[in-house]
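Worksheet: one structure, shown below.
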Amino acid sequence: MRVLIYTVRITVGQERILADLLATKQKKDNLKVYAIFMIDEMRGYLFVEAPNEVEVKKLIYGMPHVKGIIKKGLTLDELKHFFEEKPLTFNINKGDVVEVISGPFKGEKAKVIRVDESKDKITVELVEAAVPIPITLDAAAIRVIRKTEE
């Protein structure tokens, strides 16, 4: 049996709420729906894994914030690139100027002196500090302001 993933158009910003409502309805009505998920980069859409479109239509019938269903079903291979984990450091290089966006140095500008891709850690020196002290931060705690010219 071929299982497809159907795309449901919804109101932007209601993805998490509607996913919870649909999961509750699926359990209550015992529908043949295998998964309900959302992708952060695709706002305004939910994805439902089901054996056919009829099950998806039963699931979304009468639900608030649902705008419709996209007729063409997708396979998991077509969505696989959304689930590949990319390191946070993949576009950060030595010499880049970054801004610290969380932690005790929030708002400070810094220069990258080392990138540890295996641990997603960045070592920086604060630009405006009197004495340059290396600080190791998570890659999620910084935002690149200016790239170095290669």
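The values are calculated or read from the model by the stated rules, or taken from the named source; none is laboratory data. In this text, all values refer to a predicted model and were calculated from it rather than measured experimentally. All Cβ positions, glycine included, derive from the backbone under ideal geometry; neighbour counts span all protein chains shown.
Some notes on this structure:
- The combined condition, being over 30 Å from I5 (Cα atoms) and β-branched (V, I, T), is fulfilled by V98.
- Residue check, K28 loosely packed, with under 12 Cβ neighbours inside 10 Å and either in a strand (DSSP E or B) or in the same structural domain as A129 (by TED's automatic domain parsing) (or both): no
- When segment 54-73 is limited to residues that are in contact with a strand residue (DSSP E or B) (Cβ under 6 Å, 6 or more places away or on another chain) and part of a helix (DSSP H, G or I), the one that is surrounded by the fewest Cβ atoms within 10 Å (Cβ to Cβ) turns out to be I60.
- D40 vs. criteria without any contact (Cβ under 8 Å) to a residue 12 or more places away in the chain, assigned to a loop (DSSP other than H, G, I, E, B), surrounded by fewer than 14 Cβ atoms within 10 Å (Cβ to Cβ) and of a type in the set (D, E, K, R): yes
- Any hit, segment 74-94, residues being surrounded by 11 or more Cβ atoms within 10 Å (Cβ to Cβ), among the hydrophobic types (A, V, I, L, M, F, W, C) and touching a Ser or Thr at 6+ places or on another chain (Cβ under 7 Å): yes
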